[in-house]
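Every read-out reported here was derived from the displayed coordinates using simple, explicitly stated rules and does not represent laboratory data. This one's a predicted model, so the numbers in the text were calculated from it and none came from an experiment. We place every Cβ from the backbone using ideal geometry, glycine too, and count neighbours over all the protein chains shown.
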Amino acid sequence: MDKTLEQMQAEVRDVNILKGWRQGSNSFGDYIALLHSELSEALEAYRDHRLADATRLDLIGDIARPPKPEGVGSEFADVLIRLLDVCDIYGVSLRWEFERKIAYNRTRPYQHGGRTLAEDSRALCCSVKRERGNYCDLPAMSAEHIAGTSFYDHDFRPDTDRP
């Protein structure tokens with residue numbers, strides 16, 4: 001069955017109240033940090049497993065309790081759960097805000113602002129290495145720079161340390 005955002009939000013509220021996650025006095029900043037932590041966990045899951053479902057099926061033994069979902073998809077679900085929860089707590093209508101924002105985004109020019117992560121990474125890579133007396137082995141417009149790799153992804157000369 002497909003659920004609406006409102007139905008998912010009500011389900012998250014019910015589970016979080018039942019499990020004690022609505023007790024206490026988290027600040028708005030705490031909730032943003034928790035959202036951020038779930039995104040960071042998604043990155044770590046991607047580093048470890050790429051997009052594969054990393055749920056340990058060999059741990060199934062208790063039919064009443066399914067194994068803990070692991071992997072990028074599971075972490076993205078955690079992001080959604082946290083987002084639905086914080087929107088519920090602060091009375092933000094995620095559906096209304098989505099419709100308002102996507103309508104505005106439709107009016108924006110193609111790649112408005114002209115900034116991309118690839119350009120930022122290239123600038124950071126080369127500028128940090130220059131400051132440290134290192135050099136970047138990659139040409140400024142190489143495919144690796146355009147793909148958005150950071151300076152951590154490049155090799156430093158053997159006689160220098162990574163920052």
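Right, Ile102: among the β-branched types (Val, Ile, Thr) and surrounded by 11 or more Cβ atoms within 10 Å (Cβ to Cβ) or not?
no
The rows are residues; the columns are (1) touching a helix residue (DSSP H, G or I) at 6+ places or on another chain (Cβ under 6 Å); (2) part of a helix (DSSP H, G or I); (3) touching a residue at least 24 places away in the same chain (Cβ under 8 Å).
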site: Val79; (1), (2), (3): yes, yes, yes
site: Leu84; (1), (2), (3): yes, yes, yes
site: Ile89; (1), (2), (3): no, yes, yes
site: Val92; (1), (2), (3): no, no, no
site: Glu99; (1), (2), (3): no, yes, no
site: Ala103; (1), (2), (3): no, yes, no
site: Arg108; (1), (2), (3): no, no, no
site: Gln111; (1), (2), (3): no, no, no
site: Gly114; (1), (2), (3): no, no, no
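Output the residues belonging to the stretch 14-50 that are part of a helix (DSSP H, G or I) and either over 22 Å from the mean Cα position of the chain (by Cα) or of a type in the set (Val, Ile, Thr) (or both).
Asp14, Val15, Ile17, Leu18, Ile32 - these are the residues of the stretch 14-50 that are part of a helix (DSSP H, G or I) and either over 22 Å from the mean Cα position of the chain (by Cα) or of a type in the set (Val, Ile, Thr) (or both).
If we scan the stretch 60-83, do we find a residue that is under 16 Å from the mean Cα position of the chain (by Cα) and over 26 Å from Thr4 (Cβ atoms)?
So far as the stretch 60-83 goes, yes, one or more of its residues are under 16 Å from the mean Cα position of the chain (by Cα) and over 26 Å from Thr4 (Cβ atoms).
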